[in-house]
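The values are calculated or read from the model by the stated rules, or taken from the named source; none is laboratory data. Values in this document were obtained by computation on a predicted structure and should not be read as measured data. For neighbour counting, all protein chains shown are included, and Cβ atoms are generated from backbone atoms with ideal geometry for every residue, glycine included.
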Amino acid sequence: MGVNTEDDKRTDINEDKGIKAIQVCQLFDISKATLFRWEREGVIARPTRDWRNWRLYTRKNVEEIEKVICARKRVL
């Protein structure tokens with residue numbers, strides 16, 4: 001039994017299905033409000049949606065979010 005690292009979590013992203021917003025928020029310890037604001041303001045690309053119109057984030061989306069978070073940490 002190993003400890004789940006962020007790298008382990010990222011490898012669980014199925015490119016066909018993607019992951020839900022709540023999972024992205026848990027991965028990066030951000031709120032859904034922050035995630036959706038970044039999307040609305042164009043900071044990150046809009047994710048695809050499933051048949052229920054729920055956001056599905058791909059590996060590419062997650063990498064983009066990670067870059068935004070790293071860039072914001074460097075500014076602070």
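Can you tell me how many residues in segment 38-59 are basic (K, R), exposed (fewer than 13 other Cβ atoms within 10 Å of the Cβ) and in a helix (DSSP H, G or I)?
1
Tell me, yes or no, whether segment 2-13 has at least one residue that is modelled with pLDDT of 85 or more and not acidic (D, E).
No, segment 2-13 contains no residue that is modelled with pLDDT of 85 or more and not acidic (D, E).
With the requirement that a residue be among the aliphatic types (A, V, I, L, M) and farther than 14 Å from I19 by Cα, what does segment 36-64 give you?
Answer for segment 36-64, where residues must be among the aliphatic types (A, V, I, L, M) and farther than 14 Å from I19 by Cα: V43, I44, A45.
Only one residue in L35, L56 is touching a Gly at 6+ places or on another chain (Cβ under 6 Å) and at pLDDT 95 or above. Which one?
So the residue among L35, L56 that is touching a Gly at 6+ places or on another chain (Cβ under 6 Å) and at pLDDT 95 or above is L56.
From the residues in segment 14-32 that are farther than 19 Å from K73 by Cα and among the small types (G, A, S), which one is modelled with the highest pLDDT?
Of everything passing the filter in segment 14-32, A21 is modelled with the highest pLDDT.
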